[in-house]
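Below is one structure, written out as C-alpha cells; comments come after it.
The values are calculated or read from the model by the stated rules, or taken from the named source; none is laboratory data. Since the structure is predicted, the reported quantities are computational estimates derived from the model, not experimental observations. Quick reminder, even Gly has a Cβ in these numbers, built from the backbone with ideal geometry, and neighbours come from all protein chains shown. Accessible surface is based on the protein model in full, side chains and every heavy atom, while ligands, DNA and RNA are left aside. Shrake-Rupley method; radii C 1.70, N 1.55, O 1.52, S 1.80 Å.
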Amino acid sequence: MSCKKIHNNLIFYLEGELSSEEMQAVRSHLDDCDDCRRFAEMMKQQLQLIESEKQTEVSPYFFTKLSVRLDEKYEQFRLPAQGWLQLTTFSLLLIVGIVVGIYLGNLPYNTVQTQSVDNNMLLMNDFETEPIETFLLELQ
Amino acid sequence: MNEPSLIKGIQQNDQHAYRTLVENYQKMVVNTCKSIVYNHADAEDIAQDVFLEVFRNANQFRGEAQLSTWLYRIAINRSLNFVRNNRRKRFWQSIEDTFTGGRNNNREISENHNDQPDSGITDKQRKEILHQAIGMIPEKQRIAFTLNKYEDLSYQQIAEIMNLSLSSVESLIHRAKKNLQDQLYECYKKKCI
C-alpha cells in the first residue's frame, strides 16, 4: 500500500472503519514507514483531543442568570406597550392644548385687546387736543 | 415530569417547568454550542439564548419531533450565527488593524483561552490546530461530524436534527473525516506541531 493511499485512509483506520484486510495492510505499512507512522500518531492525538473536550461542566448559576435575563425579556415585551400609552397620552394632551388655545384665542382675549388698542388710540388722539408745542411751552 | 407535560408547563409559563427543562437539557445545549464555538463562556451565553427562544416560542412546538431535536436545532443555528458574526467582526478588525497598525492583533487569541487558564501551551496549540482544521470543513459536514463526535449522536439522530436522509448523513460524515484528514496532513507537512 502506497503512502498516498495510507494518507487517504488513515482516519478511517484510526476509527476502525476499514475492512479487516485493509486494517492489516495499513498496520503493516505503518510498521515500515516512519513518516506515515508519525502522521498517524499526530492524527491519533488530535482525535483524542475531541474526547477530552467532550466533558463540559455547566456553571451552577446558569439557571439564576437565565432567570434574570428572562425577567429582562418580559420587561422588554412590556416596554413597547408602555411606549404606545405614553405616545397616545402625549398626543391627546397636545390636541386638547391646541383646541383650548384656539378657543381662548378666539373669544375673550380679542375683545380685551381691541378695547385696550382703542384706549391707546384715544390717548394718542389727546395730542390733537393739546399740541406738543403747547405742552413744551408749559414746561418752560 | 414527562415531555408533553413539560412542554405544557412551559407553554403556561410555569416556573417549575422552566427549571426542569433547563436542568435536564443545559449540559446538552452548552456542549453542543461549545463544540461549534470552542469557548465555554460564549457557549453558555448562546445556550441561555437557546432557552429564552424555547420559552418564547413554546406555543409553536407541535410535538412532531422530540424536544431534544428542537433544542439541538436552535443551539446549532444560534452557534453558527455566532461563528459567522465573529468571522465578520474579525474581517473588519483586520481591516481596522491595517489602518491602525495592528494594535489589537492579539486580543481575540488571548480572549479565546480565558476559560482554560491551567492548560499547557502545547495542549492549547493542539486544540487550536484541531479547531482550525474542523473550521475548514464545509458547514453541513462540520455539523454532522460535530454532532457525531462531540455529542455521540447516532447517524439516525443526526438525520432527524438536520432534516436529512440517513445516507446523506453517512456521506457528510465520511467527507468531513476526509477533509479533516487533509487539513491535518497539510499541517503535518508544514510541521505545525
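Screening B:L180, B:L184, B:L147, B:L153 for residues that are modelled with pLDDT of 90 or more, outside any helix (DSSP H, G or I) and open to solvent by less than 50 Å² (accessible area, probe 1.4 Å) leaves exactly one candidate, B:L153.
Of all residue pairs spaced 6 or more apart or on separate chains, those with beta-carbon atoms under 6 Å, a first member in the range B:64-76 that is more than 18 Å from B:T146 (Cβ to Cβ) and a second member that is assigned to a helix (DSSP H, G or I) are B:L67/B:E3.
For A:Q48, indicate whether it is modelled with pLDDT of 90 or more, facing chain B (nearest Cβ under 10 Å) and either open to solvent by 20 Å² or more (accessible area, probe 1.4 Å) or in a helix (DSSP H, G or I) (or both). Answer is yes for this residue.
Every residue, every condition in (1) within 14 Å of chain A (Cβ to nearest Cβ); (2) crowded, with 21+ Cβ neighbours inside 10 Å; (3) under 19 Å from B:I143 (Cβ atoms); (4) in contact with a His (Cβ under 8 Å, 6 or more places away or on another chain), yes or no:
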{"residue": "B:A17", "(1), (2), (3), (4)": "yes, no, no, no"}
{"residue": "B:L21", "(1), (2), (3), (4)": "yes, yes, no, no"}
{"residue": "B:N24", "(1), (2), (3), (4)": "yes, no, no, no"}
{"residue": "B:E53", "(1), (2), (3), (4)": "yes, no, yes, no"}
{"residue": "B:N57", "(1), (2), (3), (4)": "yes, no, no, no"}
{"residue": "B:Q66", "(1), (2), (3), (4)": "no, no, yes, no"}
{"residue": "B:R90", "(1), (2), (3), (4)": "no, no, no, no"}
{"residue": "B:Q93", "(1), (2), (3), (4)": "no, no, no, no"}
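Can we say B:S110 is over 17 Å from B:V83 (Cβ atoms), among the hydroxyl-bearing types (S, T, Y) and at pLDDT 90 or above? Taking the combined requirement at face value, the residue does not satisfy it. With respect to A:Q55, determine if the residue is within 14 Å of chain B (Cβ to nearest Cβ), open to solvent by 70 Å² or more (accessible area, probe 1.4 Å) and at pLDDT below 60. No, not satisfied. Restricting to the range A:4-42, and then to whatever is among the basic types (K, R) and more than 19 Å from B:C187 (Cβ to Cβ), can you tell me which residue is nearest to the other protein chains (Cβ to nearest Cβ)? Checked the range A:4-42; the qualifying residue nearest to the other protein chains (Cβ to nearest Cβ) is A:K5.
When the helices (runs of 4 or more DSSP H) confined to the range B:1-89 are screened for residues that are touching a Gly at 6+ places or on another chain (Cβ under 9 Å), those reaching at least 1 such residues are found at B:3-11, B:15-37. Is it the case, given these coordinates, that B:Y38 is on the phi > 0 side of the Ramachandran plot and within 14 Å of chain A (Cβ to nearest Cβ)? Against the criterion (on the phi > 0 side of the Ramachandran plot and within 14 Å of chain A (Cβ to nearest Cβ)), B:Y38 qualifies.
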